[in-house]
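All remarks here apply to the structure that follows.
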Amino acid sequence: MRIIYHHRTRATDAQRIHIREMILAFRALGHQVEEVALVDTETAVDDAARDAGEALWKRLAKRVPFAYDFLQLLYNLMGIPFLAAKVIGRKVDLIYERYSLFNFSGVAVARLFRVPIVLEVNSPFALEQKRDGHIRSFPLAQWTERVICNSATLVVAVSGPLKRILAEAGVSPSNIVVMSNGVNLENFQVPTDSDGLRFSLGLKDKVIIGFVGWFRNWHGLDILLQAFHQSGAMRGRAALLLIGDGPAMPQLKQYVADNGLSSSVIFTGPVPHHKVPPYLDMIDIAVQPAANDYCCPMKIIEYMALAKPIVGPRQENVAELLVDGSEALLFTPRDAASMREALSELVDDPARRTAMGDSARAAIERRGLTWTHNAQRVIDVVRQTSESSCAS
């Protein structure tokens, strides 16, 4: 197939990884893929510190009522002709689009040129941006989300709860396929320099509890620090490694300083994604402190790829990825005591850590949690849909 991958993002942090890996997965299956976007993931600069923040235009737009809504709608005036120009005169078999709020470009061009379009939805953006106070025109946002999703050939939702949210908002359930995020296993082969990294950070004899990601207020790192602080016995044998950066960093560092945790809590600062595997490799227990109810945490799948025992919140979208007790220990969400119990249990039992990590790694291939598997599934569903349309 000749595929156009369209998106309206800055191609930063997890967005960039998801976009790039799906493009590579389609190509690995023998398909031709052209990326159509304002920012090309192949040429985008990998800047972990920048990715932890927010674009200047967004910060300015949010200060003016309805400006953020209007600017997102305005993209269509450029996006539709921009995308149409890539389709005109070419044999395009599929448009694959990463969904953005108010973005009609993909479905409009797909309808105009009679090309199937797969819409990948990672969040219910109308609800999310209303919750965060980013948009003022929620009824319009909800209407556009429903129309755009129902106009797509296929909607890919990254979790069961997200599918349910979309269906409750009026998107046809029969048009939605649940497909978790994936991992490129070639990027997560065991590195050879993690022992040296462990030694350089002064963690040679410690059980390392680790987190990687952006430090935002809703990521639950405050709960993780509380759980770690409340277990004095665990702190004697373990260290906490926080890999990344973000707006919550000042409060987290202040908590560490106020509670005398500086010798056992290590902040690495921002680390580019391609340099993350050595840090993950030396982690003994990987933590997902919190997650919203509808996301598919990519870091969990990356933890699994490196055979790490995982501690995460007991909720539906996390349970879709992990079996409690054998592949992870799940705790009551936002409960520091429950998290502390799970962490302490694994700190004290190295054999269980190994067995749990091995089970999590084996689940990757058993459940098809790879980008290549996702790409093949998209192609299969599109072909089935096309055959059904022709038959009718």
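The values are calculated or read from the model by the stated rules, or taken from the named source; none is laboratory data. The model shown is predicted, which means the values in this text are computed figures rather than measured ones. Cβ placement follows ideal geometry from the backbone for every residue including glycine, while neighbour counts extend to all protein chains displayed.
A compact table of results
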item	result
Lone unmet requirement of (1) at pLDDT 95 or above; (2) more than 17 Å from residue 303 (Cβ to Cβ); (3) not basic (Lys, Arg) for residue 193	(1)
Any chance residue 155 is part of a loop (DSSP other than H, G, I, E, B), outside the structural domain of residue 241 (by TED's automatic domain parsing) and at pLDDT 95 or above	no
Residues within the range 10-42 that are in contact with a strand residue (DSSP E or B) (Cβ under 6 Å, 6 or more places away or on another chain) and of a type outside the set (A, V, I, L, M), tallied	6
Residue check for residue 181: of a type outside the set (Gly, Ala, Ser) and in a helix (DSSP H, G or I)	no
Enumeration of residues in the range 221-240 that are out of contact with any Ser or Thr (no Cβ under 7 Å at 6 or more places or on another chain) and either under 22 Å from residue 270 (Cβ atoms) or touching a residue at least 60 places away in the same chain (Cβ under 8 Å) (or both)	221, 222, 223, 224, 225, 226, 227, 228, 230, 233, 237, 238
Sole residue being farther than 30 Å from residue 241 by Cβ, free of Cβ contacts under 8 Å to residues at least 12 places away in the same chain and among the acidic types (Asp, Glu), chosen from 120, 168	168
Residue match in the range 306-313 (condition: surrounded by 20 or more Cβ atoms within 10 Å (Cβ to Cβ) and farther than 17 Å from residue 207 by Cα)	yes
Close pairs (6 angstrom Cβ cut-off, 6 or more residues apart or separate chains): in contact (Cβ under 8 Å) with a residue 60 or more places away in the chain in the range 72-83, in a helix (DSSP H, G or I) anywhere	79/105; 83/105; 83/109
Cβ-Cβ under 7 Å pairs, at least 6 apart or on other chains, the range 339-359 side in the same structural domain as residue 205 (by TED's automatic domain parsing) and free of Cβ contacts under 8 Å to residues at least 60 places away in the same chain, far side in a helix (DSSP H, G or I) and buried (at least 19 other Cβ atoms within 10 Å of the Cβ)	352/346
In the range 356-365, residue surrounded by the most Cβ atoms within 10 Å (Cβ to Cβ) [restricted to those that are out of contact with any Ser or Thr (no Cβ under 8 Å at 6 or more places or on another chain) and modelled with pLDDT of 95 or more]	360
